[in-house]
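The values are calculated or read from the model by the stated rules, or taken from the named source; none is laboratory data. This is a predicted model, so every value here is computed, not measured. Counting neighbours? That spans all protein chains shown, and the Cβs are built from the backbone with ideal geometry, glycine included. Ligands, DNA and RNA are stripped out before the accessible areas are found, and what is left, the full protein with its side chains, is counted by its heavy atoms. Shrake-Rupley method; radii C 1.70, N 1.55, O 1.52, S 1.80 Å.
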Amino acid sequence: INGYNFIGGAIYHSTATLTISNSTFSGNTAQSGAGIYINNGGSVSVSNSTFSNNVANGSGGAVSNNSSGTLTVTDSTFSGNTAAASGGGAITNSGTLTVTNSTFSGNSATNSGGTGGAISNASTNAVTLNNNIFAGNSAAAASSGAGIYDSQNIVTASYNVFYNNLDNGASEDD
């Protein structure tokens, strides 16, 4: 899937349940959620899919999940996605998020205030990360969680691998 929209470059999803499997989102652009934008209580389940080289001029290079949304990701790959203005090179989250058995590599939040090279979380809802790999992600802001940035201190993470994630281009910060 390749497209451009102001929000949701490939898919804008709202109020219902959407299941995505065995799909590729590549080269999409948007202000937010270049691959998928979830809004108004929408629920999205993604499995066995790839998000690569998507660019959000704002946040959520691959996916933007808003406050009432639910995103569940399993067995998927996020690589080379960029959030150019704020955070979440791969995923920016303000809703409920669960990611399992997935890989995040080479994603970036490039603005000087950019947080969460792979995932930026501003949610007070449940965030669960299990058995994932975070490698080579970057965030431009110092102490900004190049792998994961969690402003709410609510992320539950088990059996994840973090390797060579760099914030401000200088220090390993997973």
Subset of segment 79-105 (residues that are in contact with a Gly (Cβ under 8 Å, 6 or more places away or on another chain), part of a strand (DSSP E or B) and open to solvent by less than 10 Å² (accessible area, probe 1.4 Å)): ALA83, GLY87, ILE91, PHE104
Filter result for THR72 (of a type in the set (Val, Ile, Thr) and either outside any strand (DSSP E or B) or under 10 Å from the mean Cα position of the chain (by Cα) (or both)): no
Qualifying position, being in contact with a strand residue (DSSP E or B) (Cβ under 6 Å, 6 or more places away or on another chain) and of a type outside the set (Phe, Trp, Tyr), among GLY60, GLY41, GLY113: GLY60
Considering residues of segment 54-75 that are surrounded by 20 or more Cβ atoms within 10 Å (Cβ to Cβ) and hydroxyl-bearing (Ser, Thr, Tyr) only, the residue nearest to GLY9 (Cα to Cα): SER64
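Between GLY27, GLY58, GLY42, which is without any contact (Cβ under 8 Å) to a residue 40 or more places away in the chain and more than 18 Å from ASN121 (Cα to Cα)? Before you say what the answer is, go through the steps one by one.
Numbers: GLY58 fails: more than 18 Å from ASN121 (Cα to Cα); GLY42 fails: more than 18 Å from ASN121 (Cα to Cα).
On inspection, the qualifying residue turns out to be GLY27.
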Selection from segment 1-53 of residues that are crowded, with 24+ Cβ neighbours inside 10 Å and among the aromatic types (Phe, Trp, Tyr): PHE25, TYR37, PHE51
